[in-house]
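Taking it in order: structure first as C-alpha coordinates, then the write-up.
The values are calculated or read from the model by the stated rules, or taken from the named source; none is laboratory data. Treat the numbers as computed from the prediction; the structure is a model and nothing was measured. Here the Cβ positions follow ideal geometry from the backbone for every residue, glycine too, while neighbour counts run over all protein chains shown. The protein model used for the area step is the full one, side chains on, heavy atoms only, and it has no ligands, DNA or RNA in it. Shrake-Rupley method; radii C 1.70, N 1.55, O 1.52, S 1.80 Å.
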Amino acid sequence: MNADHVRARRLATQLRDLRSVAGLLPDALVLLDAQGRVRWSNPAAASLLGIAWPRDRGVPVAERFARSEVGQWLRQHDDESEDVAAPTDPAVRLQMALIPFGDRQQLLRARDVSHMSRLEQVRRDFVANVSHELRTPLTVIHGYLELLDPEDVPALAPVLKEMRAQSQRMRQIVEDLLALSRLEMQHSLPEERVEMAPMLETLRREAEALSQGRHRITVQDEADADLFGSLKDLHSAFSNLVSNAVRYTTEGGSILIRWRRTPDGAEYSVSDTGYGIPAEHLARLTERFYRVSSSRSRGTGGTGLGLSIVKHVLNLHGAQMRIESEPGKGSTFTCVFDSKRLLTADSGDE
Ligand code: ADP
(Lines give C-alpha, C1' and ligand atoms only; values in the text may rest on other atoms or scores of the structure.)
Protein backbone atom coordinates (compact mmCIF):
# COMPACT_ATOMS: atom_id res chain seq x y z
CA MET A 1 0.00 0.00 0.00
CA ASN A 2 1.40 3.41 -0.89
CA ALA A 3 1.28 6.48 1.37
CA ASP A 4 -1.61 8.13 -0.55
CA HIS A 5 -3.70 5.06 -0.11
CA VAL A 6 -3.06 4.94 3.64
CA ARG A 7 -3.96 8.65 3.96
CA ALA A 8 -7.15 8.19 1.97
CA ARG A 9 -8.21 5.30 4.21
CA ARG A 10 -7.41 7.27 7.34
CA LEU A 11 -9.48 10.23 6.09
CA ALA A 12 -12.37 7.93 5.18
CA THR A 13 -12.30 6.42 8.69
CA GLN A 14 -12.21 9.88 10.26
CA LEU A 15 -15.16 11.00 8.15
CA ARG A 16 -17.12 7.89 9.12
CA ASP A 17 -16.35 8.51 12.79
CA LEU A 18 -17.43 12.15 12.54
CA ARG A 19 -20.72 11.14 10.92
CA SER A 20 -21.33 8.46 13.55
CA VAL A 21 -20.71 11.02 16.28
CA ALA A 22 -23.07 13.52 14.58
CA GLY A 23 -25.57 10.66 14.45
CA LEU A 24 -25.40 10.26 18.22
CA LEU A 25 -26.10 13.94 18.91
CA PRO A 26 -29.60 14.72 20.19
CA ASP A 27 -29.58 18.08 18.31
CA ALA A 28 -30.71 18.16 14.69
CA LEU A 29 -27.91 19.34 12.38
CA VAL A 30 -28.45 20.31 8.76
CA LEU A 31 -25.59 21.55 6.58
CA LEU A 32 -26.76 24.12 4.05
CA ASP A 33 -24.95 25.31 0.94
CA ALA A 34 -24.66 28.98 -0.07
CA GLN A 35 -28.15 28.81 -1.61
CA GLY A 36 -29.73 27.40 1.55
CA ARG A 37 -30.10 23.86 0.14
CA VAL A 38 -29.57 20.70 2.18
CA ARG A 39 -26.09 19.17 1.76
CA TRP A 40 -26.23 16.74 4.63
CA SER A 41 -28.18 16.13 7.81
CA ASN A 42 -27.89 13.89 10.87
CA PRO A 43 -30.54 11.34 11.97
CA ALA A 44 -32.01 13.70 14.63
CA ALA A 45 -32.92 16.09 11.80
CA ALA A 46 -35.36 13.46 10.52
CA SER A 47 -37.33 13.22 13.76
CA LEU A 48 -37.15 16.91 14.76
CA LEU A 49 -37.34 18.65 11.39
CA GLY A 50 -38.51 15.95 8.99
CA ILE A 51 -35.35 16.30 6.90
CA ALA A 52 -33.76 12.99 5.96
CA TRP A 53 -30.44 12.45 4.27
CA PRO A 54 -29.81 11.45 1.50
CA ARG A 55 -33.51 11.70 0.52
CA ASP A 56 -33.68 15.48 0.91
CA ARG A 57 -30.29 16.33 -0.55
CA GLY A 58 -30.59 19.62 -2.50
CA VAL A 59 -33.97 20.62 -1.00
CA PRO A 60 -34.17 24.39 -0.23
CA VAL A 61 -35.04 24.61 3.51
CA ALA A 62 -36.84 27.96 3.19
CA GLU A 63 -39.37 26.30 0.86
CA ARG A 64 -39.62 23.12 2.86
CA PHE A 65 -40.52 25.06 6.05
CA ALA A 66 -42.45 27.86 4.34
CA ARG A 67 -45.69 27.31 6.26
CA SER A 68 -44.29 26.41 9.70
CA GLU A 69 -43.01 28.45 12.64
CA VAL A 70 -39.50 27.34 11.68
CA GLY A 71 -39.98 29.00 8.27
CA GLN A 72 -41.20 32.18 9.94
CA TRP A 73 -38.08 32.22 12.10
CA LEU A 74 -35.85 31.56 9.06
CA ARG A 75 -37.34 34.58 7.28
CA GLN A 76 -36.74 37.00 10.11
CA HIS A 77 -34.16 35.41 12.41
CA ASP A 78 -31.45 37.59 13.83
CA ASP A 79 -30.44 35.40 16.73
CA GLU A 80 -31.25 32.10 18.42
CA SER A 81 -34.99 31.57 18.33
CA GLU A 82 -37.39 31.67 21.21
CA ASP A 83 -38.85 28.17 21.12
CA VAL A 84 -40.83 27.35 17.99
CA ALA A 85 -43.07 24.36 17.21
CA ALA A 86 -41.35 21.45 15.44
CA PRO A 87 -42.64 20.97 11.88
CA THR A 88 -43.04 17.25 12.60
CA ASP A 89 -45.01 17.64 15.86
CA PRO A 90 -46.32 20.95 17.26
CA ALA A 91 -46.08 19.60 20.83
CA VAL A 92 -42.29 19.46 20.45
CA ARG A 93 -40.66 22.85 21.04
CA LEU A 94 -37.42 23.64 19.25
CA GLN A 95 -34.77 26.25 19.78
CA MET A 96 -33.19 27.08 16.42
CA ALA A 97 -29.85 28.56 15.44
CA LEU A 98 -28.19 29.24 12.09
CA ILE A 99 -24.39 29.17 12.33
CA PRO A 100 -22.29 30.39 9.35
CA PHE A 101 -19.18 28.44 8.37
CA GLY A 102 -16.79 27.98 5.44
CA ASP A 103 -17.64 29.82 2.25
CA ARG A 104 -21.19 31.15 2.82
CA GLN A 105 -22.35 27.76 4.06
CA GLN A 106 -24.50 27.44 7.16
CA LEU A 107 -25.26 24.92 9.87
CA LEU A 108 -28.91 24.84 10.89
CA ARG A 109 -29.23 23.51 14.43
CA ALA A 110 -32.47 22.58 16.18
CA ARG A 111 -32.52 21.65 19.88
CA ASP A 112 -35.48 19.98 21.56
CA VAL A 113 -36.37 22.29 24.50
CA SER A 114 -39.84 20.83 25.18
CA HIS A 115 -38.81 19.86 28.69
CA MET A 116 -37.64 23.41 29.50
CA SER A 117 -40.78 24.89 27.96
CA ARG A 118 -42.94 22.64 30.12
CA LEU A 119 -41.03 23.66 33.26
CA GLU A 120 -41.40 27.31 32.30
CA GLN A 121 -45.14 26.76 31.89
CA VAL A 122 -45.33 25.07 35.31
CA ARG A 123 -43.52 28.07 36.84
CA ARG A 124 -45.88 30.53 35.15
CA ASP A 125 -48.99 28.59 36.23
CA PHE A 126 -47.69 28.25 39.77
CA VAL A 127 -47.06 31.98 40.17
CA ALA A 128 -50.43 32.83 38.62
CA ASN A 129 -52.29 30.34 40.84
CA VAL A 130 -50.56 31.33 44.08
CA SER A 131 -51.17 35.03 43.37
CA HIS A 132 -54.77 34.36 42.56
CA GLU A 133 -55.32 32.29 45.72
CA LEU A 134 -53.71 34.97 47.91
CA ARG A 135 -55.85 37.73 46.54
CA THR A 136 -59.11 36.96 48.41
CA PRO A 137 -57.67 36.38 51.90
CA LEU A 138 -55.57 39.53 51.56
CA THR A 139 -58.59 41.57 50.55
CA VAL A 140 -60.46 40.30 53.62
CA ILE A 141 -57.59 41.08 56.01
CA HIS A 142 -57.10 44.49 54.43
CA GLY A 143 -60.81 45.23 54.69
CA TYR A 144 -60.94 44.42 58.42
CA LEU A 145 -57.81 46.47 59.10
CA GLU A 146 -59.46 49.44 57.42
CA LEU A 147 -62.48 49.00 59.71
CA LEU A 148 -60.42 49.16 62.89
CA ASP A 149 -60.16 52.74 64.06
CA PRO A 150 -56.80 53.54 65.71
CA GLU A 151 -58.58 56.12 67.87
CA ASP A 152 -60.54 53.32 69.58
CA VAL A 153 -57.31 51.59 70.63
CA PRO A 154 -54.67 54.36 70.92
CA ALA A 155 -52.12 51.96 72.39
CA LEU A 156 -52.20 49.91 69.22
CA ALA A 157 -52.26 52.85 66.79
CA PRO A 158 -48.65 52.49 65.57
CA VAL A 159 -49.10 48.72 65.22
CA LEU A 160 -52.29 49.18 63.22
CA LYS A 161 -50.63 51.69 60.95
CA GLU A 162 -47.78 49.27 60.23
CA MET A 163 -50.19 46.35 59.64
CA ARG A 164 -52.17 48.45 57.14
CA ALA A 165 -49.03 49.49 55.30
CA GLN A 166 -47.75 45.90 55.11
CA SER A 167 -51.08 44.44 53.98
CA GLN A 168 -51.26 47.14 51.30
CA ARG A 169 -47.74 46.17 50.19
CA MET A 170 -48.70 42.50 49.97
CA ARG A 171 -51.76 43.40 47.92
CA GLN A 172 -49.59 45.43 45.55
CA ILE A 173 -47.13 42.53 45.13
CA VAL A 174 -50.00 40.13 44.34
CA GLU A 175 -51.53 42.59 41.86
CA ASP A 176 -48.14 43.10 40.14
CA LEU A 177 -47.51 39.34 39.95
CA LEU A 178 -50.96 38.83 38.40
CA ALA A 179 -50.28 41.63 35.92
CA LEU A 180 -46.97 39.98 34.97
CA SER A 181 -48.60 36.54 34.58
CA ARG A 182 -51.25 38.03 32.34
CA LEU A 183 -48.60 39.78 30.21
CA GLU A 184 -46.54 36.58 29.92
CA MET A 185 -49.51 34.59 28.65
CA GLN A 186 -50.54 37.27 26.22
CA HIS A 187 -49.22 36.97 22.69
CA SER A 188 -51.26 39.61 20.94
CA LEU A 189 -52.54 43.03 21.90
CA PRO A 190 -55.69 45.03 21.61
CA GLU A 191 -54.93 47.15 18.56
CA GLU A 192 -56.33 50.50 19.59
CA ARG A 193 -55.33 54.10 19.15
CA VAL A 194 -53.53 55.29 22.26
CA GLU A 195 -53.85 59.06 22.29
CA MET A 196 -50.69 60.50 23.74
CA ALA A 197 -51.84 64.02 24.67
CA PRO A 198 -54.37 62.84 27.29
CA MET A 199 -51.96 60.05 28.33
CA LEU A 200 -49.23 62.60 29.10
CA GLU A 201 -51.72 64.75 30.97
CA THR A 202 -52.74 61.78 33.13
CA LEU A 203 -49.09 60.96 33.79
CA ARG A 204 -48.43 64.55 34.86
CA ARG A 205 -51.34 64.41 37.32
CA GLU A 206 -50.13 61.09 38.71
CA ALA A 207 -46.59 62.42 39.10
CA GLU A 208 -47.84 65.49 40.92
CA ALA A 209 -50.05 63.43 43.23
CA LEU A 210 -47.13 61.13 44.11
CA SER A 211 -44.62 63.93 44.47
CA GLN A 212 -46.84 66.12 46.63
CA GLY A 213 -44.93 69.21 45.58
CA ARG A 214 -41.51 67.77 46.43
CA HIS A 215 -40.26 67.82 42.79
CA ARG A 216 -40.38 70.05 39.76
CA ILE A 217 -42.30 68.12 37.09
CA THR A 218 -42.16 69.01 33.39
CA VAL A 219 -43.94 67.34 30.47
CA GLN A 220 -42.74 67.91 26.91
CA ASP A 221 -45.03 66.66 24.15
CA GLU A 222 -43.07 67.21 20.94
CA ALA A 223 -44.05 64.20 18.82
CA ASP A 224 -47.52 65.08 17.60
CA ALA A 225 -48.16 61.36 17.20
CA ASP A 226 -50.22 58.65 18.84
CA LEU A 227 -49.37 55.01 19.47
CA PHE A 228 -51.02 51.85 18.30
CA GLY A 229 -51.43 49.16 20.96
CA SER A 230 -52.93 48.56 24.38
CA LEU A 231 -53.93 51.73 26.27
CA LYS A 232 -54.11 49.96 29.63
CA ASP A 233 -50.72 48.25 29.32
CA LEU A 234 -48.88 51.26 27.91
CA HIS A 235 -50.30 53.43 30.67
CA SER A 236 -49.13 50.90 33.24
CA ALA A 237 -45.58 50.89 31.76
CA PHE A 238 -45.31 54.67 31.40
CA SER A 239 -46.67 55.34 34.87
CA ASN A 240 -44.30 52.79 36.42
CA LEU A 241 -41.37 54.81 35.06
CA VAL A 242 -42.89 58.04 36.39
CA SER A 243 -43.49 56.49 39.80
CA ASN A 244 -39.87 55.25 39.94
CA ALA A 245 -38.55 58.71 39.02
CA VAL A 246 -40.56 60.29 41.85
CA ARG A 247 -39.66 57.58 44.36
CA TYR A 248 -35.92 57.56 43.62
CA THR A 249 -35.42 61.34 43.52
CA THR A 250 -34.93 63.37 46.67
CA GLU A 251 -36.93 66.46 47.48
CA GLY A 252 -36.11 69.47 45.31
CA GLY A 253 -35.16 67.31 42.28
CA SER A 254 -36.61 67.56 38.76
CA ILE A 255 -38.49 65.07 36.63
CA LEU A 256 -38.93 65.41 32.88
CA ILE A 257 -41.52 63.33 30.99
CA ARG A 258 -40.89 63.56 27.26
CA TRP A 259 -42.52 62.26 24.08
CA ARG A 260 -40.67 63.00 20.86
CA ARG A 261 -40.04 61.78 17.32
CA THR A 262 -36.79 60.14 16.20
CA PRO A 263 -35.64 59.28 12.66
CA ASP A 264 -36.95 55.69 13.14
CA GLY A 265 -40.08 56.28 15.20
CA ALA A 266 -40.64 57.89 18.57
CA GLU A 267 -39.41 57.79 22.15
CA TYR A 268 -41.13 58.18 25.49
CA SER A 269 -38.66 58.99 28.23
CA VAL A 270 -38.63 59.84 31.91
CA SER A 271 -35.54 61.63 33.26
CA ASP A 272 -34.86 62.42 36.89
CA THR A 273 -32.15 64.08 38.92
CA GLY A 274 -32.32 61.32 41.54
CA TYR A 275 -30.00 58.79 43.15
CA GLY A 276 -28.95 57.21 39.85
CA ILE A 277 -27.92 53.58 39.41
CA PRO A 278 -24.35 52.17 39.36
CA ALA A 279 -23.52 50.68 35.93
CA GLU A 280 -23.10 47.10 37.21
CA HIS A 281 -26.82 46.91 38.11
CA LEU A 282 -28.24 48.20 34.83
CA ALA A 283 -28.37 44.88 32.97
CA ARG A 284 -30.35 43.18 35.76
CA LEU A 285 -32.88 45.89 36.62
CA THR A 286 -35.74 44.30 34.68
CA GLU A 287 -35.44 40.95 36.52
CA ARG A 288 -38.28 40.22 38.91
CA PHE A 289 -37.59 41.46 42.44
CA TYR A 290 -34.19 42.85 41.48
CA ARG A 291 -33.42 45.98 43.47
CA VAL A 292 -30.32 48.10 43.79
CA SER A 293 -31.21 48.86 47.40
CA SER A 294 -33.98 46.79 49.03
CA SER A 295 -34.46 49.20 51.89
CA ARG A 296 -34.85 52.21 49.60
CA SER A 297 -37.27 50.27 47.37
CA ARG A 298 -39.37 49.04 50.33
CA GLY A 299 -39.30 52.42 52.00
CA THR A 300 -40.90 53.96 48.92
CA GLY A 301 -43.55 51.25 48.50
CA GLY A 302 -41.75 49.37 45.70
CA THR A 303 -42.47 45.73 44.86
CA GLY A 304 -39.40 45.14 42.67
CA LEU A 305 -41.71 44.13 39.82
CA GLY A 306 -42.29 47.48 38.11
CA LEU A 307 -39.51 47.34 35.52
CA SER A 308 -40.31 43.68 34.68
CA ILE A 309 -43.83 44.83 33.84
CA VAL A 310 -42.45 47.70 31.73
CA LYS A 311 -40.19 45.30 29.83
CA HIS A 312 -43.02 42.86 29.09
CA VAL A 313 -45.36 45.60 27.90
CA LEU A 314 -42.66 47.01 25.62
CA ASN A 315 -41.85 43.54 24.23
CA LEU A 316 -45.50 43.05 23.34
CA HIS A 317 -45.36 46.35 21.43
CA GLY A 318 -42.09 45.46 19.68
CA ALA A 319 -40.43 48.31 21.59
CA GLN A 320 -37.16 48.47 23.54
CA MET A 321 -36.09 50.05 26.79
CA ARG A 322 -32.87 52.05 27.09
CA ILE A 323 -31.50 53.01 30.50
CA GLU A 324 -28.92 55.71 31.07
CA SER A 325 -27.91 56.53 34.58
CA GLU A 326 -25.16 58.13 36.62
CA PRO A 327 -24.98 57.62 40.36
CA GLY A 328 -25.60 60.86 42.20
CA LYS A 329 -26.76 62.64 39.04
CA GLY A 330 -29.92 60.87 37.88
CA SER A 331 -31.41 58.46 35.36
CA THR A 332 -33.25 58.41 32.06
CA PHE A 333 -35.49 55.49 31.13
CA THR A 334 -36.46 55.56 27.44
CA CYS A 335 -39.06 53.47 25.62
CA VAL A 336 -38.12 53.26 21.94
CA PHE A 337 -41.01 52.71 19.50
CA ASP A 338 -40.68 51.78 15.86
CA SER A 339 -42.47 53.94 13.26
CA LYS A 340 -44.81 50.95 12.63
CA ARG A 341 -46.36 51.64 16.05
CA LEU A 342 -47.02 55.33 15.33
CA LEU A 343 -50.20 56.98 14.20
CA THR A 344 -49.48 60.45 12.89
CA ALA A 345 -51.58 63.12 11.19
CA ASP A 346 -49.72 62.40 7.93
CA SER A 347 -49.91 58.58 8.18
CA GLY A 348 -53.40 58.59 6.64
CA ASP A 349 -54.89 56.29 9.28
CA GLU A 350 -58.62 55.70 9.77
P1 ADP B 1 -39.23 48.84 42.69
O2 ADP B 1 -40.64 48.48 42.97
O3 ADP B 1 -38.27 48.31 43.71
O4 ADP B 1 -39.05 50.28 42.38
P5 ADP B 1 -38.65 48.33 39.89
O6 ADP B 1 -38.68 47.06 39.13
O7 ADP B 1 -39.55 49.44 39.43
O8 ADP B 1 -38.89 47.96 41.41
O9 ADP B 1 -37.16 48.88 39.86
C10 ADP B 1 -36.10 48.00 40.19
C11 ADP B 1 -34.98 48.75 40.88
O12 ADP B 1 -34.38 49.67 39.96
C13 ADP B 1 -35.45 49.62 42.03
O14 ADP B 1 -35.51 48.89 43.23
C15 ADP B 1 -34.37 50.69 42.08
O16 ADP B 1 -33.27 50.22 42.82
C17 ADP B 1 -33.94 50.84 40.63
N18 ADP B 1 -34.58 52.01 39.96
C19 ADP B 1 -35.66 51.99 39.17
N20 ADP B 1 -35.95 53.22 38.70
C21 ADP B 1 -35.01 54.05 39.22
C22 ADP B 1 -34.74 55.47 39.10
N23 ADP B 1 -35.51 56.28 38.36
N24 ADP B 1 -33.66 55.96 39.78
C25 ADP B 1 -32.89 55.14 40.53
N26 ADP B 1 -33.09 53.81 40.67
C27 ADP B 1 -34.13 53.26 40.03
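Taking the Cα centre of segment 3-112 as origin and assigning +1 to Lys and Arg Cβ atoms and -1 to Asp and Glu Cβ atoms, the resulting dipole is close to 660 debye. Placing unit charges on the Cβ atoms only, positive for Lys and Arg and negative for Asp and Glu, gives segment 201-349 a dipole magnitude near 680 debye about its Cα centre.
When the GluC sites (Glu not before Pro) in segment 204-242 are filtered for DSSP coil states and for at most 15 other beta-carbon atoms within 10 Å of their beta-carbon, the remaining sites are Glu222.
Simple rule: put +1 on each Lys or Arg Cβ and -1 on each Asp or Glu Cβ in segment 192-344, find the dipole, and look at Gly252, His281, Ala207; the Cα lying farthest toward the positive end is His281. With a Förster radius of 51 Å, plug the Cβ-Cβ distance of Gln35 and Glu195 into 1/(1 + (r/R0)^6) and report the FRET value to the nearest 0.05. For Gln35 and Glu195, the calculated efficiency is 0.55. Can you send over the carbon and sulfur percentage of the accessible area for segment 243-350, probe radius 1.4 Å, protein chains only? Within segment 243-350, the accessible surface is 47 percent carbon and sulfur. For the pair segment 1-42 and segment 65-133, the centres of their Cα atoms are 27 angstrom apart.
Computed from the Cβ-Cβ distance with R0 of 22 Å, the FRET efficiency linking Arg261 to Val219 stands at 0.85. Per atom type, segment 108-222 shows carbon and sulfur on 59% of its accessible surface, probed at 1.4 Å. Think of the chain as having a plus end and a minus end, set by charges on the Cβ of Lys, Arg, Asp and Glu; of Leu138, Thr88, Gln121, Thr88 sits farthest toward the positive end of this dipole. When you count the other C-beta atoms within 10 angstrom of each residue and take the mean per peptide, 57-68, 25-36, 237-248 line up highest first as 237-248, 25-36, 57-68. A Gaussian network model of the chain, with springs between Cα atoms under 10 Å, assigns the largest mean-square fluctuation among Arg55, Arg291, Arg109 to Arg55. Of the three principal axes defined by the Cα atoms of the chain, the extents in descending order read 103, 52, 42 Å. Within the chain, antiparallel bridges make up roughly 90 percent of the DSSP beta bridges whose residues both belong there.
Taking Cα centre as origin and charging only the Cβ of basic (Lys, Arg, +1) and acidic (Asp, Glu, -1) residues, the dipole magnitude of the chain rounds to 1560 debye. Highest GNM mean-square fluctuation among Leu177, Leu49, Leu18, for the chain modelled with Cα contacts below 10 Å: Leu18. Within a Cβ distance under 13 Å of Pro26, other residues only, what is the Lys/Arg minus Asp/Glu net charge? Summing Lys/Arg as +1 and Asp/Glu as -1 gives 0. Compared with the alpha-carbon gap, the fully stretched path from Ala52 to Glu120 is longer by 21.4 nm at 0.36 nm per residue. Of the beta bridges in segment 216-274, as assigned by DSSP with both residues counted there, near 55 percent are antiparallel.
Centre-to-centre, using Cα atoms only, segment 270-323 and segment 235-250 are separated by 10 Å.
Here segment 192-344 carries DSSP beta bridges of which approximately 85% are antiparallel, counting only pairs with both residues inside. The percentage of C-alpha pairs in segment 50-201 whose separation is greater than 19 Å is 72%.
In segment 41-92, the portion of solvent-accessible area held by carbon and sulfur atoms comes to 48 percent [1.4 Å probe, whole percent, DNA, RNA and ligands not counted]. For segment 43-153, the relative contact order comes to 16 percent (Cα pairs under 8 Å, sequence separation of at least 6). Could you tally the net charge around Arg135, taking each other residue with its Cβ under 11 Å from the Cβ of Arg135, Lys/Arg +1 and Asp/Glu -1? That sum, taken over residues with Cβ under 11 Å, equals -1. Ranking Tyr290, Tyr144 from most to least accessible surface, computed with a 1.4 Å probe over the protein chains only, gives Tyr144, Tyr290. With each label modelled as a point 7 angstrom along the Cα→C-beta vector, the Tyr290-Glu208 pair spans 3.5 nm.
Mean-square fluctuations from a GNM of the chain, with a 10 angstrom spring cutoff on Cα atoms, peak among Leu160, Leu256, Leu307 at Leu160.
What segment 3-112 shows is 63 Å² of accessible area per residue, with the surface traced by a 1.4 Å probe over protein heavy atoms.
Were the residues from Val127 through Thr300 laid out at 0.36 nm apart, the gain over their Cα-Cα distance would be 59.8 nm.
The residues of segment 192-344 present an accessible area of 46 Å² per residue when probed at 1.4 Å with all protein chains retained. Its relative contact order, with pairs defined as Cα atoms under 8 Å and 6+ residues apart, puts the chain at 11 percent. Between Leu178 and Lys329, residue separation times 0.36 nm minus the direct Cα-Cα distance comes to 51.0 nm.
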